[in-house]
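Presented below is the structure to which this report refers.
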Amino acid sequence: MARHEVSEFLPLSIALLTISNSRGEEEDTSGHYLAKVAKEAGHHIFIKKIVKENIYQIRAICSNWIADASINVILINGGTGFSTKNITPEAISVLFDREIEGFGELFRMFSYEEIGTSTLQSRALAGIANQTILFAIPGSTSACRTAWQKIICEQLDSRYQPCNFTSHLKMNTCN
């Protein structure tokens, strides 16, 4: 198990994107959960949006956020399943400078403990583009909880050792 060394916490600016054809702001429990835990961890929610499952709308929003120097992290929930309407991986993977292959593998390992072999239908993924990290996770609140608590929270904490993703991000952290 890794250890935390004493160092400065760097609050990051996070953009949240919920992909859903049916959820509005009130029903967006996963988006609300991610906003809550990111704030509790000390980060800032720069913007939060909900968009329908449209490859070009998702890609356009993420492209704009990747180009925005004020945004360090993009958290996407929804659209990562195996049905033909789930197109989040196809929408964002072309934007990556580099994919973080281990994220999807690790997420599915933790998810297996909770939902068994159904985790095979999760296409969770992550990558980095223009020094902005993107995490795409399933839209269920329980999947968002698993991803945040077991992977993302530590990797966005500048104090987490032996390594974390903050050194790869734009240095425009929020205050």
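The values are calculated or read from the model by the stated rules, or taken from the named source; none is laboratory data. The model shown is predicted, which means the values in this text are computed figures rather than measured ones. When we count neighbours, we look across all protein chains shown, and the Cβ atoms used for this are built from the backbone with ideal geometry, even at glycine.
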Matching residues in segment 111-139 - criterion: being among the aromatic types (F, W, Y) and buried (at least 17 other Cβ atoms within 10 Å of the Cβ): F135
Every pair of residues 6+ apart whose Cβ atoms lie under 8 Å, when the first sits in segment 5-30 and is at negative phi and assigned to a strand (DSSP E or B) while the second is at pLDDT below 90 and among the hydrophobic types (A, V, I, L, M, F, W, C): S13/C174
Any chance you could count how many residues in segment 122-142 are without any contact (Cβ under 8 Å) to a residue 60 or more places away in the chain and closer than 17 Å to T88 by Cβ? 7
Which of the residues spanning segment 36-68 are part of a strand (DSSP E or B) and either in contact (Cβ under 8 Å) with a residue 60 or more places away in the chain or of a type in the set (F, W, Y) (or both)? H44, F46
Counting only residues that are more than 18 Å from V37 (Cα to Cα) and at pLDDT 95 or above, give me the strands (runs of 3 or more DSSP E) lying completely in segment 69-175 with at least 2 of them. 125-129
Flag for D28 being surrounded by 17 or more Cβ atoms within 10 Å (Cβ to Cβ) and either modelled with pLDDT of 95 or more or under 14 Å from the mean Cα position of the chain (by Cα) (or both): no
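Yes or no, residue by residue, for (1) out of contact with any helix residue (DSSP H, G or I) (no Cβ under 8 Å at 6 or more places or on another chain); (2) modelled with pLDDT under 95:
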position: M1; (1), (2): yes, yes
position: L12; (1), (2): no, no
position: L17; (1), (2): no, no
position: V37; (1), (2): no, no
position: S63; (1), (2): yes, no
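Before we move on, is Y33 aromatic (F, W, Y), under 15 Å from the mean Cα position of the chain (by Cα) and closer than 18 Å to A136 by Cβ?
Yes, satisfied.
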